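The structure appears right after this line, and notes come after that.
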Amino acid sequence: MALQIVDLCVNCWACVDVCPNQAVVEDVPHFLINEQACTECLGDHAEAQCAAICPIEGAIVNELGEPLNPPGSLTGIPLDKLRELGLLDREAA
Amino acid sequence: MELPVISNAPSSGGGCSSSGCGSSSDAMAHLPDSIRQKVQDHPCYSEDAHHYFARMHVAVAPACNIQCNYCNRKYDCANESRPGVVSELLHPDQAVTKVLAVAATIPQMTVLGIAGPGDPLANPARTFETFRQLSDKAPDIKLCLSTNGLTLPEHVDEIAKHNIDHVTITINCVDPEIGAQIYPWIYWQNRRLRGVEAARILIEQQQKGLEMLTSRGILVKVNSVMIPGVNDEHLKEVSKVVKAKGAFLHNVMPLIAEAEHGTYYGLMEQPSPTPEQLQALQDECGGDMAMMRHCRQCRADAVGLLGEDRGAEFTLDKLADMDIDYEAAMQTRQEVRENLLEQLAAKRAGAPAAEVTALAGVPADSRPVLMAVAAKNGVVGEHFGHAREFLVYEASPKGVRLMGHRKVDLYCNGATDCGDSGEGGQPAGSILDQIIHALSGCEQVLCARIGFEPWGQLEAAGIQPNGEHAMEPVEDAVLAVYREMSAAGKLAAPADKLNKVA
Ligand code: SF4
Ligand code: SF4
């Protein structure tokens, strides 16, 4: 089991520094999680550390492809507003 | 090696010396000599040093540990010194190479700052590695950093070790209820915390860090972003609190929130303060402590004198081709610095006398006037259409003082006529409207040159364009115009057009 970084990532290094397993690797066009090394932080922390610090909604997903930080969860911008601005589809894509 | 054009008439008390911009004696009056000594050649902290000394920032700190509602990590941050994570990020070794190259090319360079693009103290290894190498290789360069304060207390020892004598903390509130409207979350002790609890922890850490730094004699400046309806009233309280804890300067900056920045405030249409609102708040807070009116909110990778950015000359590929004698460069810096300090001292010494004579002939009950100046290197040197910011000065019978600066979009996009379209395809007309709005309250705009088209519209809006003082030191020019207005009998009555400009 492992989390995954998708192309919404802005390469900010935050997750690299907090991962207890050094599972995040610098890569282009965006950072990646080494699925051999990632434990989803089980046994180390109550929350997956990368997802607890990542500033970008949707950048980190689980094995089902579901974002750990869904749209609106970090910015507090209401879903209706995101929809109205046409930002919802892009974030969720 | 060419030095930038600076005022060359210290004996006349010209340039920035007469007051305002040269009011470092006022703004810094409450400081002990030891602190004044420290900031006298710091371009960001000393109001007149900013014309003489250069600073640069390096972007080595990408990660952040909090979210601010005026920030979107995907884009350059307009509010704080943050270029956005997509700008050229440097590893510590690259950053050190860049700093040494810049310091060899621009010998007025005195200050190296780390401000982002994230939070320097959320990237302690990268930040302190950069500082460690620089203390070693260029001990004459002052180091400073800006932080949100969340992890400041645990890093104070390290900061003291690297002899970083300037730290800027961004403090937008001391009340967690208000903080919860500014900070949606923080990353704290391996968890993402939200709401009032998160804000309470952030505030506690900021205040504790502030106290720890000042008790060790490390200078602390406080930055605040003025967010109308959220913390504008509250910032007066913040100003009192941080002054009591020993901060030496409080810098109140306007919120910049545009929908295209993709920030919470931008998308939720949170209004930014008008120039008048900002000035009023700065005046109120200024009663309590030194305010920094010349701050340009420069980018975290800015290079050069305040208000200019020569970063493009020092990209990584250009650095690779530079051949630098570091020892000789340090020697040159030493000489240039001594020379500039002498000039500054001469100006400061000459200032009080100049102020008295400067306003001879202007009746003491004349009303004050705001003037905007398209300045470059301390003189009225910029064409109206090329100005990205205007300095706003208040002239009164007491002298001239810098009230702030107003950023604008470039009116002229390089087309010879300066008439039809502005930057980014926006019609110049609407940019001119924005500029006129940004200059509201000003009665004159001084510039090196101005086109026919904007001239007429400015005049119609009650702002008199003035190109007659091109290349004169800024404060001399403002004083001269004030005198002309006085001679023309324009200073007796209250300005009737003053408040009508929309
Ligand atoms: S879930 Fe934990 S172990 Fe996996 S990449 Fe994120 S921080 Fe590392
Ligand atoms: S914290 Fe998020 S945005 Fe930053 S590098 Fe990691 S996945 Fe990318």
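How many residues, within region B:464-488, are of a type outside the set (Gly, Ala, Ser) and open to solvent by 30 Å² or more (accessible area, probe 1.4 Å)?
Matching residues across region B:464-488 total 7.
Filter region A:17-30 for residues that are buried (at least 21 other Cβ atoms within 10 Å of the Cβ) and more than 10 Å from ligand 1 (Cβ to nearest atom) and give the result.
Scanning region A:17-30 gives no hits.
Give just the number: which of (1) near ligand 2 (Cβ under 10 Å from one of its atoms); (2) within 11 Å of chain B (Cβ to nearest Cβ); (3) in contact (Cβ under 8 Å) with a residue 40 or more places away in the chain does A:Val18 not satisfy?
A:Val18 satisfies every listed condition except (3).
Out of region A:32-50, which residues are buried (at least 21 other Cβ atoms within 10 Å of the Cβ) and within 12 Å of chain B (Cβ to nearest Cβ)?
A:Cys41, A:Ala48, A:Gln49, A:Cys50 - these are the residues of region A:32-50 that are buried (at least 21 other Cβ atoms within 10 Å of the Cβ) and within 12 Å of chain B (Cβ to nearest Cβ).
Quick test of your reading of the structure: B:Tyr187 fulfils all but one of (1) at pLDDT below 90; (2) in contact with a helix residue (DSSP H, G or I) (Cβ under 9 Å, 6 or more places away or on another chain); (3) buried (at least 18 other Cβ atoms within 10 Å of the Cβ); (4) of a type in the set (Ser, Thr, Tyr). Name the failing condition by number.
B:Tyr187 satisfies every listed condition except (1).
Find all pairs meeting these conditions: Cβ atoms under 8 angstrom apart; at least six residues apart or on different chains; first residue within region B:257-268 and within 11 Å of chain A (Cβ to nearest Cβ); second residue of a type in the set (Gly, Ala, Ser) and assigned to a loop (DSSP other than H, G, I, E, B).
B:Thr263/B:Ala257; B:Tyr264/A:Gly76; B:Tyr265/B:Ala257; B:Gly266/B:Ala257
Take B:Val196 and tell me if it is aliphatic (A, V, I, L, M) and open to solvent by 60 Å² or more (accessible area, probe 1.4 Å).
Against the criterion (aliphatic (A, V, I, L, M) and open to solvent by 60 Å² or more (accessible area, probe 1.4 Å)), B:Val196 qualifies.
I need a count of the residues in region B:140-150 that are part of a loop (DSSP other than H, G, I, E, B) and open to solvent by 20 Å² or more (accessible area, probe 1.4 Å).
Looking only at that region, the number is 1.
Got a sec? Which of B:Val241, B:Val230, B:Val225, B:Val220 is touching a Gly at 6+ places or on another chain (Cβ under 8 Å), of a type in the set (A, V, I, L, M) and touching a residue at least 24 places away in the same chain (Cβ under 8 Å)?
Answer to the selection: B:Val220.
Return yes when A:Ala14 is within 11 Å of ligand 1 (Cβ to nearest atom) and under 20 Å from B:Tyr187 (Cβ atoms) and no when it is not.
yes
For region B:104-139, name all the residues that are among the acidic types (Asp, Glu), farther than 21 Å from B:Lys221 by Cα and either more than 14 Å from chain A (Cβ to nearest Cβ) or open to solvent by less than 20 Å² (accessible area, probe 1.4 Å) (or both).
Within region B:104-139, B:Asp136 is the sole residue that qualifies.
Given the conditions (1) away from every other protein chain (no Cβ under 14 Å); (2) not in a helix (DSSP H, G or I), and given that B:Ile201 satisfies all but one, which numbered condition is not satisfied?
Answer for B:Ile201: the failing condition is (2).
Checking the condition assigned to a helix (DSSP H, G or I) and modelled with pLDDT under 80, which residue from B:Glu237, B:Glu276, B:Glu260 passes?
Only one candidate qualifies: B:Glu260.
Tell me, yes or no, whether region A:52-62 has at least one residue that is more than 9 Å from ligand 1 (Cβ to nearest atom), in contact with a helix residue (DSSP H, G or I) (Cβ under 8 Å, 6 or more places away or on another chain) and touching a residue at least 60 places away in the same chain (Cβ under 8 Å).
No - not one qualifying residue is present in region A:52-62.
The values are calculated or read from the model by the stated rules, or taken from the named source; none is laboratory data. Given the structure is predicted, the values throughout are model-derived calculations rather than measurements. Note: ideal-geometry Cβ built from the backbone for every residue, glycine included; neighbour counts use all protein chains shown. To get the accessible areas, we keep the full protein, side chains included, count just its heavy atoms, and leave off ligands, DNA and RNA. Shrake-Rupley method; radii C 1.70, N 1.55, O 1.52, S 1.80 Å.
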